[in-house]
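Every read-out reported here was derived from the displayed coordinates using simple, explicitly stated rules and does not represent laboratory data. These figures come from a predicted structure and were not determined experimentally. Here the Cβ is made from the backbone with ideal geometry for all residues, glycine too, and neighbour counts use every protein chain on show.
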Amino acid sequence: MMLQPVSPHELEDFFAYVVSVLERLNIPYMVVGGFAAITYGEIRFTADVDIVVDMRYSHVDPFVAAFPIPDYYVSREGMLDSLARRYPFNVIQPHTGAKVDLVPLSEDLRARVTFTRRQRIIYDEVTGRAAYFATAEDIIMAKLHAYQETGSEKHLRDARGIVVMQWGRLNLDDVTRWARAARLEDTWLALLEAAREETFGE
């Protein structure tokens, strides 16, 4: 399916609609990935949104019904396969190119602990729109892990942006303990120092 480039406004409107469906159907969720990183941190463009969902098979049909063709596209068969195999599926708004990836909640203990810590925040001060997001600390840890896996500096920029914008509100000790256990302490401490210099000009 060919999609046209989506504007930030169109993506946010589509995201808000997907969140409204999840909440109406009582499907627990949390926003992760780049959209969460820019919500907590520095603004940059992201073409899609990642949402972890604790979805059941009983949710599939009402969820699909909320996204009728041709205004939206979601595959019922893809959703069923996704829930069985625990890999992402997506919902698309073809006329804007907006896409939301939904990731079934993993059985992994850390993933479930992260899910229990999710918090509801206002992500758009103008409209008052709110949603459940992974905590800023958990997004930082996920970005550090993604850097470890891929070597992409984008993940470090996202993590540093969160530290800068959320300075004084973060549990830095928690992130440091995790980084030490993940053998990322040097990377984290260098990022933390860079964020401190950017924040205070030292």
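So the values come out like this:
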{"quantity": "D (Stokes-Einstein, µm²/s), Kirkwood Cα radius, region 137-200, 0.692 mPa s at 37 °C", "calculated": "288"}
{"quantity": "3J(HN,Hα) from dihedral phi, region 181-188, Karplus parametrisation 6.51/-1.76/1.60, rounded to Hz, x for glycine, proline", "calculated": "5, 8, 6, 10, 4, 4, 4, 5"}
{"quantity": "Residue 25/residue 45 FRET efficiency (R0 41 Å; Cβ-Cβ; nearest 0.05)", "calculated": "0.90"}
{"quantity": "Residue 135 long-range amide H proximity, modeled H, under 5 Å", "calculated": "119"}
{"quantity": "Net charge, residue 154 excluded, C-beta distance under 14 Å - Lys, Arg +1, Asp, Glu -1", "calculated": "0"}
{"quantity": "Most mobile listed residue (155, 95, 145) in the chain, GNM with C-alpha springs under 10 Å", "calculated": "95"}
{"quantity": "Value at 222 nm in deg cm²/dmol, rounded to 500, when DSSP H runs of n ≥ 4 in the chain each add -39,500 (n - 2.57)", "calculated": "-15500 deg cm²/dmol"}
{"quantity": "Dipole axis of the chain (+1 Lys, Arg; -1 Asp, Glu on Cβ), positive-most option in 96, 74, 199", "calculated": "74"}
{"quantity": "For region 142-153, Karplus couplings with θ = phi - 60° (6.51, -1.76, 1.60), whole Hz, Gly/Pro x", "calculated": "5, 5, 5, 5, 5, 5, 4, 7, 10, x, 6, 5"}
{"quantity": "Phi-based couplings in Hz for region 95-108 (Karplus 6.51, -1.76, 1.60; Gly and Pro marked x)", "calculated": "6, 10, x, 6, 9, 10, 9, 10, 10, x, 4, 6, 7, 4"}
